[in-house]
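Participant: Before anything else, here's the structure in question.
The values are calculated or read from the model by the stated rules, or taken from the named source; none is laboratory data. Computed from a predicted model, the values in this text were never measured in an experiment. Glycine gets a Cβ as well: all are built from the backbone with ideal geometry, and neighbour counts include every protein chain shown.
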């Protein structure tokens, strides 16, 4: 019998487009550079799954889905230090992918990467309800992802691989980022309802048009490594979100601090009402920002060189 094995997966952060994507504009996600470690141990031929920590309310469904999709011999899966729940960092996708990766290690039947990814998406659907696919795809492949439904219509200014009409793996230049957790939380449903009430009729169409154009400018600048221009688009997105009531005083303070220390751009990431802020800037600016955010009581999720 094999002993305990470890593997590392990366959560995700949305760079641009988290709110307009539901109306047909593009969205961009990148993997968090600081990985999350998982450890898997075989449980003989028990066909059981043990999880630590254990999402008790989901355990039965997890076992049923995996037993149906992957013929495995049983395993325990532990994650000593996961990502904060409800922060928009893809923790449910991370767990879904980890479960499939672990089950595949002890499976009696070989499956392709694509087939395994589809199983991970089924688990993510159980956890998330109606996932867009951007979270599980970013976690599964560990590379930046572009999403636009029903199909990608924008010009993609860097090398990419189209996985589905609406999903592409992209290979843009490296981008220095810092991700900080505001430590505030509010249900995604509440923010979606708030956005729906404020965006109606022509206002929704113009918002989607503005955000779509901004994301295209962001990508064009990224392809040319014009980081100042990228930061400008991030700042503009944050102002849109503030006007829509998606930001908070604490998020605003984190963004203002980022600008004060010289970051190129900063914005909330995810549903809003709390969660995380993502900033881009020079190594010096991001180092100063990490210290400043820490002094504010924020949790530093991940930084990028």
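Participant: Residues in region 129-137: is at least one crowded, with 20+ Cβ neighbours inside 10 Å, more than 14 Å from the chain's Cα centre (by Cα) and either part of a strand (DSSP E or B) or touching a residue at least 40 places away in the same chain (Cβ under 8 Å) (or both)?
Facilitator: Within region 129-137 (the criterion being crowded, with 20+ Cβ neighbours inside 10 Å, more than 14 Å from the chain's Cα centre (by Cα) and either part of a strand (DSSP E or B) or touching a residue at least 40 places away in the same chain (Cβ under 8 Å) (or both)), the answer is no, since none of the residues qualifies.
Participant: Working only within region 245-275, note down all residues that are surrounded by fewer than 18 Cβ atoms within 10 Å (Cβ to Cβ) and outside any helix (DSSP H, G or I).
Facilitator: If the condition is that a residue be surrounded by fewer than 18 Cβ atoms within 10 Å (Cβ to Cβ) and outside any helix (DSSP H, G or I), then 245, 262 are the ones that fit.
Participant: Can you name the number of the only condition in (1) under 22 Å from residue 7 (Cα atoms); (2) without any contact (Cβ under 8 Å) to a residue 12 or more places away in the chain that residue 69 fails?
Facilitator: Single failed check for residue 69: (2).
Participant: Name the pairs whose Cβ atoms lie under 8 Å apart, with the first residue in region 43-62 and in the same structural domain as residue 76 (by TED's automatic domain parsing) and closer than 17 Å to residue 4 by Cα, the second modelled with pLDDT under 80 and not in a helix (DSSP H, G or I), and 6 or more positions between them or separate chains?
Facilitator: Note: pairs meeting the criteria are 44/1.
Participant: Of the conditions (1) in contact (Cβ under 8 Å) with a residue 40 or more places away in the chain; (2) touching a strand residue (DSSP E or B) at 6+ places or on another chain (Cβ under 9 Å); (3) surrounded by fewer than 18 Cβ atoms within 10 Å (Cβ to Cβ), residue 94 satisfies every one except a single condition; which number is it?
Facilitator: Just one mismatch for residue 94, condition (3).
Participant: Could I ask something else about it? If you go through region 18-37 one residue at a time, how many are over 12 Å from the mean Cα position of the chain (by Cα) and either surrounded by fewer than 16 Cβ atoms within 10 Å (Cβ to Cβ) or farther than 14 Å from residue 140 by Cα (or both)?
Facilitator: 11
Participant: Quick one: which strands (runs of 3 or more DSSP E) lie wholly within region 143-244 and hold at least 3 residues that are free of Cβ contacts under 8 Å to residues at least 24 places away in the same chain?
Facilitator: Result: 160-164.
Participant: In addition: What about residue 99, is it under 30 Å from residue 246 (Cβ atoms) and either in contact (Cβ under 8 Å) with a residue 60 or more places away in the chain or in contact with a helix residue (DSSP H, G or I) (Cβ under 7 Å, 6 or more places away or on another chain) (or both)?
Facilitator: No.
Participant: Pull up region 65-91, narrow it to residues that are closer than 17 Å to residue 126 by Cβ and more than 26 Å from the chain's Cα centre (by Cα), then point me to the one that is modelled with the highest pLDDT.
Facilitator: Once the filter is applied, the top-ranked residue is 68.
Participant: Now for a separate question. Among the residues of region 59-88, which ones are touching a strand residue (DSSP E or B) at 6+ places or on another chain (Cβ under 9 Å) and under 26 Å from residue 276 (Cβ atoms)?
Facilitator: Within region 59-88, 77, 78, 79, 80, 81, 82, 83, 84, 87, 88 qualify.
Participant: For region 47-58, which positions are surrounded by 13 or more Cβ atoms within 10 Å (Cβ to Cβ), modelled with pLDDT under 90 and more than 30 Å from residue 277 (Cβ to Cβ)?
Facilitator: Result: 47, 48, 54.
Participant: Does region 194-213 contain at least one residue that is modelled with pLDDT of 95 or more and surrounded by 17 or more Cβ atoms within 10 Å (Cβ to Cβ)?
Facilitator: So far as region 194-213 goes, yes, one or more of its residues are modelled with pLDDT of 95 or more and surrounded by 17 or more Cβ atoms within 10 Å (Cβ to Cβ).
Participant: Sticking with this one: Give me a count of the residues in region 3-35 that are in contact with a strand residue (DSSP E or B) (Cβ under 7 Å, 6 or more places away or on another chain) and in contact (Cβ under 8 Å) with a residue 60 or more places away in the chain.
Facilitator: Summing the residues that are in contact with a strand residue (DSSP E or B) (Cβ under 7 Å, 6 or more places away or on another chain) and in contact (Cβ under 8 Å) with a residue 60 or more places away in the chain in region 3-35 gives 22.
Participant: Tell me whether region 64-77 contains one or more residues that are under 21 Å from residue 135 (Cα atoms) and surrounded by fewer than 17 Cβ atoms within 10 Å (Cβ to Cβ).
Facilitator: No: region 64-77 contains no residue that is under 21 Å from residue 135 (Cα atoms) and surrounded by fewer than 17 Cβ atoms within 10 Å (Cβ to Cβ).
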